[in-house]
Amino acid sequence: MQAFLEFRDISKAYPGVKALQSVSFAVPKGSVHGLIGENGAGKSTLIRILSGDAAANTGEIRIGGEVQHYASTRDAYHAGVAVVHQELQLVPELTVAENLRLGRFPASGGVINFRHMFDDVGAKLRDIGIETDPREKVARLSIGERQMIEIAKAVMIDARVIALDEPTSSLSSRESEILFKLIERLKAEGKIILYISHRLDEIFRLCDGCTVLRDGKLAAHHESLKEVSRDQLVAEMVGREIADIWGWRPRDLGEPRLVVDHLAGERLKHPASFAARSGEIVGFFGLVGAGRSELMRLIYGADPARQGKVSIDGEETPLGDPRKSIRNGIVLCPEDRKFDGIVQGRSVAENITISSSRHYSPGGLLNFRKEAETAENFIKSMRIRTPSRRQDIVNLSGGNQQKVILARWLSEPDVKVLIVDEPTRGIDVGAKAEIYETLYQLAEKGLAIVVVSSELPEVMGISDRVIVMCEGHIRAEFTRADFSERKLLAAALPDRKVEPAARVVQ
Amino acid sequence: MTQSLKRILLGDWGLVVLFIVAMLVVSLLVPNFMTQRNMLGLLQSVVTIGIVACTMMFCLASRDFDLSVGSIVAFTGMVAVMASNATGSILLGLLAALACGTFVGFLNGTVIAKLKINALITTLATMQIVRGLALISSDGRAVGINDPGFYQLALSRFLGVPTPIWVMAVAFAIFGFLLNRTVFGRNTLAIGGNPEASRLAGVNVDWMRIWIFTLQGLVCAVAGILLASRITSGQPNAAIGLELAVISACVLGGVSLAGGRAAMTGVIVGVLIIGVAENVMNLLNIQAFYQYVVRGVILLIAVLLDNLRSRALGRRG
């Protein structure tokens, strides 16, 4: 094997954290290499060092045998390194073509030749299998389409090393397929693709080799994945065996707690109705854009409803006001943790108690002792990994942020219905199992739980019943005995002729 | 050595430490600085900025902005004087001023929260409307105070310290308490940190914003009354540019314009820095024109320091 991209003895420390400790591995030319590990294992840090966004304390990166000394992302870019981050970096008010040519507009004397630009970019996009109109504003694209544009950007600057950070987390199956084809093509052209993902099936499908990081150290390095099993990778990631990460167990179901009756709003035109019983976990499956999150936001009152009713334990609850919903016992862990969930710049404790502190704050005066006690209890019981309750929440990993949001609602004394939208998006295996366990315990306490998930194995693994949505309609319903990946997926796909994606059917 | 120096300067108390060092240096170098008389004068000079900074801190911390404070201060000063003159009762005059200030603040808050109009634009509009009202009501001229009792508001002393300074100190205490110890303060910072997440977590964001702006109006009225008393008249052109001085003081004190971060001690230090800089330049007989330059430079340095501090805290991926 001829190494082309080499990490040698890379270490990086932040105040209080050793993010990377002496990590070394090499990747040959023309290969797709997986980089996996739990959140906080050091993947992001490694990518930031590769992209020049952070400097390593020790060690060096070699590309094609040359030691790279870059001081900025610009240097890395010139060295042929492109990183596609989970958070997209496009200018929403510009067109697709403008975004792709930003900084390199085809211009003469400062005047942009738009026709040339649109034609050229359009041709290149079609060439790599993307059908998006280059004249379209990025703001009008779906998240999945934006992700594809971001990847196209990396391809179009002719990078030698392309790192993709969780590229499929917001892609539909069809879009993922286009991406996978593109990756195969780039590989054939001799590029190196560093593929970071929590989806092990994708790793097995795409990657030649794979590196596992754990707690900032190299846990395993596989040059080939032929002899490696999924269980082995999981074990290497968590450092322990996880037999069944779902851990579902039967429960007694009670009376209907949540009844949604012909609910519709601005972004969910077709009225939706369903019910969830006490102790039941109802999964909502569908493709991105099927209307699941929109329905949940209507139930919680995050968006105003146009028609319909929501009742809890037989009593109708007011719509359109999250405060009233909380007081009536409905709570929501939103899909987009960063924008709708965590309060950036504030502590873990404040994020946990933001809603429930009103119960022990007579006359609006904070009770610091009670607040600290509540926060400490949840940090312990939910195993939230944080140096202290005073830590700014943005410094926590995604899984731990999700636990904080769950803790926020568990600290409310009288929750009846818990809605969790994408409970484990971007979350590592270990934290996933802990979050599922929390959901089971809550269901056992008699809550009705609604889980929205785009991960078919997850929604089948944890739900008692699954409702499938497609293009804004409730399409089908399955009880646990009837679960099958083919049936659920068939109900979720708008166009029956589309083949189910390989990543969900193993 | 340089490491520990860096740690002190970029730590939470960096600004306070710098301020104390600057005070020591100034008191050694500038004659007449560390006298009781000069100190009281210095504090008197920052009363308006200091009082208004209390609520501006809440405004900025919740990711809003208020440009109308200078106008409200001038307008409520006018109202206090004219209503006192008209009714013959200082108390009625003061109440009228407080009511007017509160009303303008409430209007700001309602337009911003309910009609969803950007705070910058809304208060830019009310800044001009209210200044216009102040000019219209007095026909553009200063209005003298009839009842000399009105002067006593600014002239009277308690324990040898002028009343306005006490008012400022009390405002610092009240709003410091409000920020750190109450749900109101907590929610203000939460809204600044992430308004949408706060709303979904059950914070009544609209209600909070209306209250913050209403308080801002009320506090401006207090400052306006004290200012009118000190300058012994209602001046329609008073407090021009106050909004910028107040925002500077807040930013100097580490209040983040992006919201979510604020501390009363920081704001107090910010206010004092502005006061000291002006005072020292006066004592050294430096022409007033230079003061603008110095103020701007101080602001830039403070922001730079803040930037270095956030970077030192480090971002983790």
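The values are calculated or read from the model by the stated rules, or taken from the named source; none is laboratory data. As the structure is a computational prediction, the values presented were derived from the model and not from experiment. Neighbour counts are summed over all protein chains in view; Cβ atoms, including those assigned to glycine, are modelled from backbone coordinates with ideal geometry. For accessibility, only protein heavy atoms count, side chains too; no ligands or nucleic acids. Shrake-Rupley method; radii C 1.70, N 1.55, O 1.52, S 1.80 Å.
Does B:G176 fit the bill of being more than 11 Å from every other protein chain (Cβ to nearest Cβ) and open to solvent by less than 20 Å² (accessible area, probe 1.4 Å)?
yes
So how many residues does segment B:94-130 have that are more than 19 Å from B:L215 (Cα to Cα) and open to solvent by less than 40 Å² (accessible area, probe 1.4 Å)?
0
Scan segment A:263-314 residue by residue and report those that are within 24 Å of A:L489 (Cα to Cα), within 14 Å of chain B (Cβ to nearest Cβ) and open to solvent by 10 Å² or more (accessible area, probe 1.4 Å).
Hits for segment A:263-314 are A:S293, A:R297.
Restricting attention to segment A:338-352, which residues are facing chain B (nearest Cβ under 9 Å) and either open to solvent by 30 Å² or more (accessible area, probe 1.4 Å) or in a helix (DSSP H, G or I) (or both)?
Across segment A:338-352, the qualifying residues are A:K338, A:F339, A:D340, A:G341, A:Q344, A:G345, A:R346, A:E350, A:N351.
This table checks each residue for (1) of a type outside the set (A, V, I, L, M); (2) closer than 19 Å to A:L20 by Cβ; (3) away from every other protein chain (no Cβ under 14 Å); (4) open to solvent by 80 Å² or more (accessible area, probe 1.4 Å).
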| site | (1), (2), (3), (4) |
| --- | --- |
| A:A41 | no, yes, no, no |
| A:H85 | yes, yes, no, no |
| A:V96 | no, no, yes, no |
| A:S108 | yes, no, yes, yes |
| A:V121 | no, no, yes, no |
| A:I128 | no, no, yes, no |
| A:R135 | yes, no, yes, yes |
| A:A139 | no, no, yes, no |
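Would you confirm, using the coordinates I've provided, whether B:V280 is open to solvent by less than 10 Å² (accessible area, probe 1.4 Å) and not small (G, A, S)?
Taking the combined requirement at face value, the residue does not satisfy it.
For segment A:358-385, which residues satisfy the criterion of being more than 14 Å from A:E434 (Cβ to Cβ) and among the β-branched types (V, I, T)?
A:T374, the sole residue that qualifies.
Output the residue which, of all residues in segment A:49-72 that are in contact with a helix residue (DSSP H, G or I) (Cβ under 9 Å, 6 or more places away or on another chain) and within 14 Å of another protein chain (Cβ to nearest Cβ), is surrounded by the fewest Cβ atoms within 10 Å (Cβ to Cβ).
A:A55
Can you pull out the residues in segment B:300-317 that are more than 14 Å from chain A (Cβ to nearest Cβ) and modelled with pLDDT under 80?
B:A302, B:V303, B:L305, B:N307, B:L308
Taking segment A:110-119 only, how many residues are open to solvent by 80 Å² or more (accessible area, probe 1.4 Å) and either in contact with a Gly (Cβ under 7 Å, 6 or more places away or on another chain) or in a strand (DSSP E or B) (or both)?
Final tally of qualifying residues: 1.
Does A:R383 qualify as being more than 10 Å from chain B (Cβ to nearest Cβ), over 30 Å from A:A492 (Cα atoms) and either open to solvent by 30 Å² or more (accessible area, probe 1.4 Å) or part of a strand (DSSP E or B) (or both)?
yes
So which of B:R181, B:R199, B:R186 is touching a helix residue (DSSP H, G or I) at 6+ places or on another chain (Cβ under 6 Å) and within 7 Å of chain A (Cβ to nearest Cβ)?
So the residue among B:R181, B:R199, B:R186 that is touching a helix residue (DSSP H, G or I) at 6+ places or on another chain (Cβ under 6 Å) and within 7 Å of chain A (Cβ to nearest Cβ) is B:R199.
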